Amino acid sequence: MANGSVDLLAAACARLTGRTDERDAERKLNGWSIRDWRSALLDVPLDERAYADRFLVDRVVEINRLWTWWSAPEPDDRVTPETAGFLGLFLLTLISMHRSDRMRYHGEAYEAVAISGQSTDALCTVLVADPRVQGAIKRLYAPSPQKGRKAATVWGRVDFNTVAFHRGGTTSFILTVDTVPQPGVRTSKYALKCLIYPYLRNPAIVKATNDYDKVFGGERGGDSPLVAVWASHDSWIMMEFLEGDTLADKLREIANGRKDPRSELLRPVDIEQLRALGTLLLNAMTALAEEVGHHNDLTPSNIIVQKENGAPVRIKLIDLGVNFLHTRTLVGAESRESVYIAPEVKATGKGGDLADLYSVGMVLIAIGGIPHSAPGTVPDQFYVASVGLARLLEDLVDADPKQRLAVSGIDPGRGRFAEIRDLFECEIEVLEAAEKNKPKTPYQRLKNLLPGVNAVNRQREIWKVRRRQAKRIDKRKHPMRAHHLRQARGLKRWAVACALISWATLALILTWWSRDLDFFWQAKWVEYANGLLNRSGDQSVPFLDDFRASDYPIPDAWGNLPVRIVALSYAIPGLRLYMNIFADMTPRSAIRRRGWKGVRTAAASFMMRGSAVYPSVYILLPTLVQRKWWFLFSPLGVITVATLITACLWFALDSNARARAWDGGKGLSTVPKGEIMTLQRLVSWQPTAWLYALTVVVIGIFLYNDRLQDELMYAIAIALINIGIQTFKNTGSDAPYVRAGLARAILAAERLDVLEEREAKAKAAGKAPKPRADEPVKEAQPVA
């Protein structure tokens, strides 16, 4: 209709704000009906450029001028209070659209959007608090009884004098309202989610909003993670108001209190928040799966964290259903929270049970305090912290929905989140055990630099946890989890054995050195042992000295100095090599590998486990038997390390190549494209290790055959290289990178084993592989 045109509304605003002297435009608004206002607001251009093209004014300029007019100390007598209320609602609409555009097109964070130095929330709060605007909202959004009797009844209970602004959304703004006081009836507080009026032109958004009560409505018990929905209409949803912060706000607050690490890879996984918030999230998802099936828009902004006595005790989930912004029903750049949405939802607009797995995995990564990496991948920090936790996260965030939960063996049915929670809690238990004896004071940190200190304790604590977990698991019901537990327990035994052997080796080196120096050498255990063997007065060490060569004298401080220096310089990095890199990983799988895959696995596994033992063997033989053997065992040790590096790379590079070639070149999303920078650290070791090995072999041969005489200088040079490169660089600063790169390759090979076995079984049965759960299904979609 002519008098309902948004052009007339724009002209009136131009006159009110002094941009034009067109007469009577503002007075015509005083005669508008609700129908006219609805027509005009529906016709407001959705994006900034279209607004400027149509009205020849930048939308932000218009907002600023309208705000100046609105906040004038004296009311404008050219418009009635009722018209002023609708103009305030129009201004609220423009501000909400501006915030949505800044977030969608420019990637701005919600809290960063501002106009004239004020946050958009502050402007909206003032507008909604005005009784004139409250009256306009009441009339403009009022439902027709013919379209929905329940909606009209609920609307009639609202006390619009209590309306207050809460926060904005992508296509909506959220208000809080109280019910009208009634005798003997307790007043309730609602959250009223109103569509920004121009979005009512989108039929899909209108239908999803109207159907929200039908799909997700009903009263909820106090323990339910879902919000009680009281009614919905084509332009609003009325639901229970929840006290608490969004998880997005909570994570932002936590992040602001953290210190940035020296290196991003060294950023610690926040175990405390994972224990508190991660468990609550999985509890909520367990209940949600039972009540309504799936969420499909699980992002930190749609998670409310409720507290008691300052501690989070409950999580509530809001805004269920596919978000139109993620599916491109609404134009705009991907929002910051699109990273939490499963790829299949963004590609097809369809959700389902498997989509929520992806979102849960991505939210857990955020709770862990680690910035997200490429979609479908797990950040390197989780591989450094725990192979088990990284495996679970990979099983959730795989970009292919049919490959989720493949390795953990969890059934993707309705009880999936209960099983995920149990497995998640097991991995958090392990992380907590590992952190239990972490040094906290400067003295403890300094003490922890010594080899073996804390290593045995840490591994023993983890071993205890794994042993308890193994007793609780039902091996028939969870064969894959039982395998991983057995595997982890075996690794912990190796780690404890390595630490004890290395500690004993170091103790023997220092003991033999003290004998050379004749430094307080009155060991009571030696005296007692010799007494038992009827060797009274003998100062030799029983058994050990019996194997010493006749031309290897003790004490001989100067003659034995080279072997002592070299032995000590190998003992320290030898322990660190295993404990800092290989202690928590094995390339072996629950599924037997054949052919070259099996050979690569066996080679890598043998060398990894061997690194727990061979340094001590190579050190003790020249220390206890023949000091001249260090010329031979020193190059042998370097060659063994080079062979270890080569075997690990042979396995890892092949695993990554097969992972990228999987499914006709589609590849596993969990293995990043291009170079994996963490694995490149190990790649860079290989040529250096072989060059070092060649040099040591040549010089060692010359020394053994008395062709070179500077034995002590050669020993000092080796010691400096071992301490400087092997101890501080390779097994120190490089260790987290190498561990992350190898762990990612090991889990990729494990994932391929399961998928290849599934494919082989399907082919043997003469049919294509079936997904392990229903394909995503289209469902009612609420507003963004």
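The values are calculated or read from the model by the stated rules, or taken from the named source; none is laboratory data. Not measured: the values here are computed from a predicted model. Because the Cβ atoms are built from the backbone with ideal geometry, glycine has one as well, and the counts that use them run over all protein chains shown.
The sole residue among A333, A289 that is in contact with a Phe, Trp or Tyr (Cβ under 7 Å, 6 or more places away or on another chain) and modelled with pLDDT of 85 or more is A289. Here the condition is being within 17 Å of P736 (Cα to Cα) and either buried (at least 22 other Cβ atoms within 10 Å of the Cβ) or modelled with pLDDT of 90 or more (or both); of A385, A434, it holds for A385 alone. Taking first residues from the range 33-45 that are within 17 Å of T80 (Cα to Cα) and assigned by TED's automatic domain parsing to the domain that holds L91 and partners that are part of a helix (DSSP H, G or I) and among the charged types (D, E, K, R), the Cβ contacts under 9 Å between residues at least 6 apart in sequence or on separate chains come to I34/R139; W37/R139. Working only within the range 571-610, note down all residues that are aliphatic (A, V, I, L, M) and part of a helix (DSSP H, G or I). A571, I572, L575, L577, M579, I581, V599, A602, A603, A604, M607, M608, listed by residue number.
The residues listed here are L94, L87; of these, the one that is aliphatic (A, V, I, L, M), assigned by TED's automatic domain parsing to the domain that holds R27 and farther than 19 Å from L46 by Cβ is L87. Here is the figure for the range 113-165: residues that are in a strand (DSSP E or B), in the same structural domain as D211 (by TED's automatic domain parsing) and not aromatic (F, W, Y) total 6.
Any residue that is farther than 15 Å from E394 by Cα and touching a residue at least 40 places away in the same chain (Cβ under 8 Å) - is there at least one of those in the range 361-368? Looking through the range 361-368, at least one residue is farther than 15 Å from E394 by Cα and touching a residue at least 40 places away in the same chain (Cβ under 8 Å). Of everything listed in (1) touching a helix residue (DSSP H, G or I) at 6+ places or on another chain (Cβ under 8 Å); (2) modelled with pLDDT under 85; (3) among the small types (G, A, S), the single unmet condition for G741 is (2). V698 meets all of the listed conditions (1) free of Cβ contacts under 8 Å to residues at least 60 places away in the same chain; (2) surrounded by 14 or more Cβ atoms within 10 Å (Cβ to Cβ) but one, namely (2). The set of residues in the range 701-738 being basic (K, R) and either touching a residue at least 40 places away in the same chain (Cβ under 8 Å) or not in a loop (DSSP other than H, G, I, E, B) (or both) consists of K729 alone.
Yes/no matrix, rows are residues, columns are (1) farther than 14 Å from A248 by Cα; (2) touching a residue at least 24 places away in the same chain (Cβ under 8 Å); (3) outside the structural domain of Y105 (by TED's automatic domain parsing):
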{"position": "R275", "(1), (2), (3)": "yes, yes, yes"}
{"position": "A284", "(1), (2), (3)": "yes, yes, yes"}
{"position": "I304", "(1), (2), (3)": "no, yes, yes"}
{"position": "G310", "(1), (2), (3)": "yes, no, yes"}
{"position": "F324", "(1), (2), (3)": "yes, yes, yes"}
{"position": "L354", "(1), (2), (3)": "yes, yes, yes"}
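Tell me, yes or no, whether the range 676-693 has at least one residue that is aliphatic (A, V, I, L, M), assigned to a loop (DSSP other than H, G, I, E, B) and either touching a residue at least 40 places away in the same chain (Cβ under 8 Å) or crowded, with 16+ Cβ neighbours inside 10 Å (or both). Within the range 676-693, one or more residues are aliphatic (A, V, I, L, M), assigned to a loop (DSSP other than H, G, I, E, B) and either touching a residue at least 40 places away in the same chain (Cβ under 8 Å) or crowded, with 16+ Cβ neighbours inside 10 Å (or both).
Can you confirm whether L226 is at pLDDT 90 or above, aliphatic (A, V, I, L, M) and out of contact with any Ser or Thr (no Cβ under 7 Å at 6 or more places or on another chain)? In short, no.
Listed here are the residues, each with its yes/no results for (1) assigned to a helix (DSSP H, G or I); (2) polar (S, T, N, Q).
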{"site": "M238", "(1), (2)": "no, no"}
{"site": "L242", "(1), (2)": "no, no"}
{"site": "A255", "(1), (2)": "yes, no"}
{"site": "P268", "(1), (2)": "no, no"}
{"site": "L277", "(1), (2)": "yes, no"}
{"site": "M285", "(1), (2)": "yes, no"}
{"site": "L288", "(1), (2)": "yes, no"}
{"site": "H295", "(1), (2)": "no, no"}
{"site": "Q306", "(1), (2)": "no, yes"}
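Got at least one residue in the range 565-577 being within 36 Å of the chain's Cα centre (by Cα), assigned by TED's automatic domain parsing to the domain that holds A504 and among the hydroxyl-bearing types (S, T, Y)? Within the range 565-577, none of the residues are within 36 Å of the chain's Cα centre (by Cα), assigned by TED's automatic domain parsing to the domain that holds A504 and among the hydroxyl-bearing types (S, T, Y).
What is the number of the single condition among (1) small (G, A, S); (2) within 27 Å of the chain's Cα centre (by Cα); (3) modelled with pLDDT of 90 or more that S684 does not meet? The one condition S684 does not meet is (2). Restricting A433, A374, A399 to those that are part of a helix (DSSP H, G or I), of a type in the set (G, A, S) and either within 26 Å of Q469 (Cα to Cα) or assigned by TED's automatic domain parsing to the domain that holds A289 (or both) reduces the list to A433. Among the residues making up the range 275-324, a single one is buried (at least 20 other Cβ atoms within 10 Å of the Cβ) and farther than 22 Å from A355 by Cβ: V305. Could you please let me know if G217 is without any contact (Cβ under 8 Å) to a residue 24 or more places away in the chain and outside the structural domain of R314 (by TED's automatic domain parsing)? The answer is yes for G217. Only a single item in (1) in a helix (DSSP H, G or I); (2) surrounded by fewer than 18 Cβ atoms within 10 Å (Cβ to Cβ) is not met by W37, and it is number (2). Taking every residue in the range 241-266 that is over 21 Å from S733 (Cβ atoms) and touching a residue at least 24 places away in the same chain (Cβ under 8 Å) and pairing it with any residue that is aromatic (F, W, Y) and part of a strand (DSSP E or B), at least 6 positions away or on another chain, the pairs with Cβ-Cβ distances below 7 Å are F241/Y190.
Checking each residue in the range 73-108 for being within 36 Å of the chain's Cα centre (by Cα) and of a type in the set (D, E, K, R) picks out R99, D101, R102, R104, E108. Kindly indicate whether R59 is surrounded by 18 or more Cβ atoms within 10 Å (Cβ to Cβ) and in contact with a strand residue (DSSP E or B) (Cβ under 6 Å, 6 or more places away or on another chain). Answer is no for this residue. Screening the range 235-266 for residues that are of a type in the set (V, I, T) and crowded, with 17+ Cβ neighbours inside 10 Å and picking the one that is farthest from the chain's Cα centre (by Cα) gives I237. Put simply, of W650, W662 the only residue that is surrounded by 14 or more Cβ atoms within 10 Å (Cβ to Cβ) and either in contact (Cβ under 8 Å) with a residue 60 or more places away in the chain or under 18 Å from P615 (Cα atoms) (or both) is W662. Taken over the range 13-34, the residue count meeting the criterion of being within 16 Å of L91 (Cβ to Cβ) and in a helix (DSSP H, G or I) is 6.
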